[in-house]
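A.B. asks: Here it is, the structure in full.
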Amino acid sequence: MGALEGLRVVELAGGVGAAYAAKLLADLGADVIRVETDRDLVRSRPHEVHRWLNTNKRSMSRLGDLLDEAHLLIHDLGPAAASAAGLAYADLERRWPHLVLGSLTPYGMTGPWADYAATELSVIHASSWGNLSPSSATDPELPPLKAPGHHASIMTATVAAAAFLGATDRSRDTGQGEHVDFSAFAAGAKMTETAPAGATFQGEDGSRLGVKSVVPWSIYQCRDGLVQLLCVEQAQWEALLDMMGNPEWGTLDVFATNADRRENSDLVHLYLTEWFAEQSTVDLYHRGQARRICLSPVYSLDQLEIDAQFDERAFIVEDPDGLRLPGPGFKFDWPAWELRTASPRPGQNDGETWFAHPDDPHRDTPRPGNPAGAAHDGSTGRPLDGIRICDFTWIWAGPYCTQLLAHLGADVVRLESPEYLCLFRRLPFNPPDLPLTPDSNGLFQLYNTDKRSMSIDLRHEKAKEIIRRMVSRSDVVIENFAVGALANLGFSVEDIRAINPDAIVVSLTGYGQTGPSSAYMAYGPAGGAVAGLYAANGYPGGLPMETGIAIGDPGTGLTAAFATVASLVCRKRTGRTSRVDVAMVEAIAATVGELWMQYQAEGVSPVPMGNRDPQWAPHGVYATGDDEWITIACTDDTQWQALAKAAMQADGDAGPQGFLDPRFATAEGRKANEDELDLLLTQWVGGRDRWELTRVLQAVGVAAIPSIGPLELWTSNGQLEAIDMLDRPEHPVTGTRTVPGIPWRFAKGSNGLRRPSPTLGQHTDEVLGELGFSTEEIGSLRASGAVPG
């Protein structure tokens, strides 16, 4: 029995994002019926990618009366296309008032870009994510990069799946439908690490160019492979030098501090490059980890496939046809996830209907024509209203997870220790007119809106009673400490369940709770290295490169958020409580299915191909001026013809004749002559205004959008403004400043941020009072130091 058995979902075939959101639900037991359409991009993708994306689904040729008994419809149609198909929410609500519509579109269903054509290339660059990649680039003449495959679509679709699932579960209780209007562009923008804080709190523009904030932090060539090194702490740098035999150069003053090393990064890189070239990758990986140095192998997919950690945790699984596929980015402590059926043929299940599920206690939810369905009017609130989360997380991955849950309505209480202050409260992202304090930090404010904060010394003996009461009153306990750290404080999973048998326990770590590498450390960048993503990221013919954000952190956080919502739904429907184990390396490896299918088909691990696509051309980022770029993608011949005609018309008689070249008339011809095609486009767009080009090409249905930098995006973007992503809560210390909002909007539920990010310990007395502590007891706890501040 899957975690979501009894949930009925219709997926209208379209792009990769919608297919993946539906796959997440199907693999947990939902009955997902995929309705084939003539705009299905998934089945046309090379290397039979549909066999990964369509597991556990059924396929039908027409919609028919499926929506009569469906709980959720997922599609990626923009407003004009949805209206033309009769699938706009207003149309659906009239006929099926119980139904939840999850629309997963590039830009959202409102705003000036709502009907813009887009591909993954467009979305990742419009969100500034692509503009920030690759990390620490040195050549400004090379374009900013998207990540390989549909990595960004998979990441944003996971967030969408959490919102869709939460809204659908609430609808099953109330009988009232909902529209979850989800913008992949907004979701991508929200996870761009420090860039929004630099833009809105300090007026600075993030860039892919320049030295990283920490040195050393790079990928190095060993004699038998690649490793990634990241020394965040001074102790790690010193441990690295010790492992190297304490070379004499390591004692030089120019390398004494991180600031010194940043100033002399070229020299650091030179010395390390020489040393790494003589080392063995695997030996170095294990020796470095034994010293708590964040060394990680940069795996290709053939190396990932035989890695002992992935193997012991059975990450690679087989479908019923024997096809080996990546597993999920999370694990439950019971078989909630399973590949029950292989990808179906188109229309394979025509004539079938929904599976019977007599054990579903909500099978009698009001349906069309039932007057009870009209009894629920007004706001439906938020899906997780009434859920309390005991939040032990810190830095980025964990807080991003709990923020998404807070946006969905959960009461998230962060337990913060002033003695071990969260790194995001310490890094220098304060406004220039304010001193740096834990409460003036813009970076912390990005990922902690909608939460409460309680100060507590987790190691103090008297704090244990506070934690026990928190746990006893919480639905979910979430932590991202090292494996065993919470247990060492006296709160293992068994301890938590002894206090509250109904508590869902969620842990986020680098490598997972089990396996030979479970004790290894991993910062966010290591996720892309170990998961096989970086090996295919970079410029054609070049070495693997890192993405512009530490993708492991948000990837782990959003995976954990989805798994948490699924666990809550399962507990409500079945009474079963779950322990959720989220490993960063698996969370990212779960997103590389497209690369995996290429590896399975060709027998060779994918290598970097820049912004290009294995199927479509043109598909690139082209310079219009000094570090100004526009993305252009054509997914079929019709779009290419429209582009060529627009280009010729834009220049009149002087229009470039190359657009009429017969080599470019077909998709096959364009791919075969892609170098010449890219040169033609580079020459045409050079010197033109990128926004005017966007208007010209979008007017004829071609996916074109600038590669936007963070400062431009977060200070003046009309589309983000239109979908309420430029939220401006009033913070008690920094005042009214723009922070990322919520990448989805409800038609009936409440929207927008409910709280600014909390100051340190802002809600301590409030929460302690809710836990039953008297004023005198709170005073005693403060006096003892159990509650600092």
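A.B. asks: Limited to segment 18-50, what total is found for residues that are open to solvent by 10 Å² or more (accessible area, probe 1.4 Å), small (Gly, Ala, Ser) and more than 17 Å from THR341 (Cβ to Cβ)?
C.D. replies: Of the residues in that region, 1 qualify.
A.B. asks: Those residues that are acidic (Asp, Glu) and touching a helix residue (DSSP H, G or I) at 6+ places or on another chain (Cβ under 7 Å), I need them from segment 213-242; list them, please.
C.D. replies: ASP224
A.B. asks: Would you please list the contacts, defined by Cβ atoms under 7 Å and residues six or more apart or on different chains, that run from a residue in segment 210-235 that is under 18 Å from THR194 (Cβ atoms) to a residue that is open to solvent by 70 Å² or more (accessible area, probe 1.4 Å)?
C.D. replies: VAL211/ARG262; VAL215/ARG262
A.B. asks: How many residues, within segment 753-768, are over 24 Å from the mean Cα position of the chain (by Cα) and open to solvent by 40 Å² or more (accessible area, probe 1.4 Å)?
C.D. replies: 4
A.B. asks: Looking only at residues in segment 589-619 that are among the aromatic types (Phe, Trp, Tyr) and outside any loop (DSSP other than H, G, I, E, B), which one is least open to solvent (accessible area, probe 1.4 Å)?
C.D. replies: TRP596
A.B. asks: Here's something else I'd like to know. Being open to solvent by less than 60 Å² (accessible area, probe 1.4 Å) and among the polar types (S, T, N, Q) is the filter here; which residues of segment 285-315 pass it?
C.D. replies: Matches in segment 285-315: GLN289, SER296, SER300, GLN309.
A.B. asks: Another question, if that's okay. If you check every pair at least six apart or on different chains, which have Cβ atoms under 7 Å apart with a residue in segment 545-560 that is within 19 Å of THR138 (Cβ to Cβ) first and a residue that is among the hydrophobic types (A, V, I, L, M, F, W, C) and surrounded by fewer than 24 Cβ atoms within 10 Å (Cβ to Cβ) second?
C.D. replies: GLU546/ILE219
A.B. asks: Return only the number of the condition from (1) assigned to a helix (DSSP H, G or I); (2) open to solvent by less than 60 Å² (accessible area, probe 1.4 Å) that SER750 does not satisfy.
C.D. replies: It fails just one condition, (1).
A.B. asks: Is at least one residue of segment 154-164 in contact (Cβ under 8 Å) with a residue 24 or more places away in the chain, assigned to a loop (DSSP other than H, G, I, E, B), under 27 Å from LEU543 (Cβ atoms) and touching a Phe, Trp or Tyr at 6+ places or on another chain (Cβ under 7 Å)?
C.D. replies: Looking for residues that are in contact (Cβ under 8 Å) with a residue 24 or more places away in the chain, assigned to a loop (DSSP other than H, G, I, E, B), under 27 Å from LEU543 (Cβ atoms) and touching a Phe, Trp or Tyr at 6+ places or on another chain (Cβ under 7 Å), one finds none in segment 154-164, hence no.
A.B. asks: Scan LEU252, LEU270, LEU241 and give me the residue that is at pLDDT 95 or above, surrounded by fewer than 17 Cβ atoms within 10 Å (Cβ to Cβ), closer than 26 Å to HIS286 by Cβ and out of contact with any Phe, Trp or Tyr (no Cβ under 9 Å at 6 or more places or on another chain).
C.D. replies: The conditions single out LEU270.
A.B. asks: Can you give me the number of residues within segment 413-433 that are buried (at least 19 other Cβ atoms within 10 Å of the Cβ) and either outside any loop (DSSP other than H, G, I, E, B) or under 25 Å from the mean Cα position of the chain (by Cα) (or both)?
C.D. replies: 8
A.B. asks: If you scan segment 656-699, which residues turn out to be touching a residue at least 60 places away in the same chain (Cβ under 8 Å) and assigned to a loop (DSSP other than H, G, I, E, B)?
C.D. replies: GLY686, GLY687, ARG688, ASP689 - these are the residues of segment 656-699 that are touching a residue at least 60 places away in the same chain (Cβ under 8 Å) and assigned to a loop (DSSP other than H, G, I, E, B).
A.B. asks: OK, next. Go through segment 490-534 and report how many residues are farther than 17 Å from ARG579 by Cβ and more than 20 Å from the chain's Cα centre (by Cα).
C.D. replies: Count: 6.
A.B. asks: Residues of segment 196-213 being assigned to a helix (DSSP H, G or I) and open to solvent by 10 Å² or more (accessible area, probe 1.4 Å), which ones?
C.D. replies: Answer for segment 196-213, where residues must be assigned to a helix (DSSP H, G or I) and open to solvent by 10 Å² or more (accessible area, probe 1.4 Å): THR200, GLN202.
Yes or no, residue by residue, for (1) more than 21 Å from the chain's Cα centre (by Cα); (2) crowded, with 24+ Cβ neighbours inside 10 Å; (3) of a type in the set (A, V, I, L, M, F, W, C):
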site: VAL100; (1), (2), (3): yes, yes, yes
site: TRP113; (1), (2), (3): yes, yes, yes
site: ALA117; (1), (2), (3): yes, no, yes
site: ALA126; (1), (2), (3): no, yes, yes
site: SER133; (1), (2), (3): no, yes, no
site: THR156; (1), (2), (3): no, yes, no
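A.B. asks: Turning to a different aspect of this structure: Filter segment 217-238 down to the residues that are open to solvent by less than 70 Å² (accessible area, probe 1.4 Å) and among the polar types (S, T, N, Q), then identify the one that is nearest to LEU533 (Cα to Cα).
C.D. replies: Of everything passing the filter in segment 217-238, GLN228 is nearest to LEU533 (Cα to Cα).
Conditions tested, residue by residue: (1) of a type outside the set (A, V, I, L, M); (2) on the phi > 0 side of the Ramachandran plot.
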site	(1), (2)
ALA157	no, no
ALA163	no, no
GLU178	yes, no
PHE182	yes, no
GLY203	yes, yes
ASP224	yes, no
LEU240	no, no
GLY245	yes, yes
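A.B. asks: Can you tell me which residues in segment 316-342 are in contact with a strand residue (DSSP E or B) (Cβ under 7 Å, 6 or more places away or on another chain) and within 30 Å of TRP217 (Cα to Cα)?
C.D. replies: ILE316, PRO326, GLY327, GLY329, PHE330
A.B. asks: Still on this structure: Among the residues of segment 1-13 satisfying the criterion of being open to solvent by less than 10 Å² (accessible area, probe 1.4 Å) and either of a type in the set (A, V, I, L, M) or in contact with a Ser or Thr (Cβ under 7 Å, 6 or more places away or on another chain) (or both), which is farthest from LEU41 (Cα to Cα)?
C.D. replies: If we take residues in segment 1-13 being open to solvent by less than 10 Å² (accessible area, probe 1.4 Å) and either of a type in the set (A, V, I, L, M) or in contact with a Ser or Thr (Cβ under 7 Å, 6 or more places away or on another chain) (or both), then ALA3 is farthest from LEU41 (Cα to Cα).
The rows are residues; the columns are (1) at pLDDT 95 or above; (2) out of contact with any Asp or Glu (no Cβ under 9 Å at 6 or more places or on another chain).
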| residue | (1), (2) |
| --- | --- |
| SER296 | yes, yes |
| SER300 | yes, yes |
| PHE310 | yes, no |
| ARG324 | yes, no |
| HIS362 | no, no |
| PRO366 | no, yes |
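A.B. asks: For residues that are closer than 17 Å to ALA563 by Cα and not hydroxyl-bearing (Ser, Thr, Tyr), tally how many sit in segment 496-522.
C.D. replies: Of the residues in segment 496-522, 9 are closer than 17 Å to ALA563 by Cα and not hydroxyl-bearing (Ser, Thr, Tyr).
A.B. asks: Among the listed residues LEU252, LEU267, LEU284, which satisfies the condition of being touching a residue at least 12 places away in the same chain (Cβ under 8 Å), over 22 Å from MET521 (Cβ atoms), out of contact with any Gly (no Cβ under 9 Å at 6 or more places or on another chain) and among the aliphatic types (A, V, I, L, M)?
C.D. replies: Unique residue meeting the criteria: LEU267.
A.B. asks: So, one more: So, in segment 677-694, exactly how many residues are open to solvent by 40 Å² or more (accessible area, probe 1.4 Å) and under 18 Å from LEU121 (Cβ atoms)?
C.D. replies: Of the residues in segment 677-694, 2 are open to solvent by 40 Å² or more (accessible area, probe 1.4 Å) and under 18 Å from LEU121 (Cβ atoms).
A.B. asks: Separate question: Taking into account only those residues within segment 546-568 that are open to solvent by less than 10 Å² (accessible area, probe 1.4 Å), part of a helix (DSSP H, G or I) and aliphatic (A, V, I, L, M), which is farthest from ALA503 (Cα to Cα)?
C.D. replies: In this case the residue turns out to be LEU558.
The values are calculated or read from the model by the stated rules, or taken from the named source; none is laboratory data. Here the structure is a predicted model, which means the values were calculated and not measured. For neighbour counting, all protein chains shown are included, and Cβ atoms are generated from backbone atoms with ideal geometry for every residue, glycine included. Remember, those area values only see protein heavy atoms, side chains included, never the ligands or the DNA or RNA. Shrake-Rupley method; radii C 1.70, N 1.55, O 1.52, S 1.80 Å.
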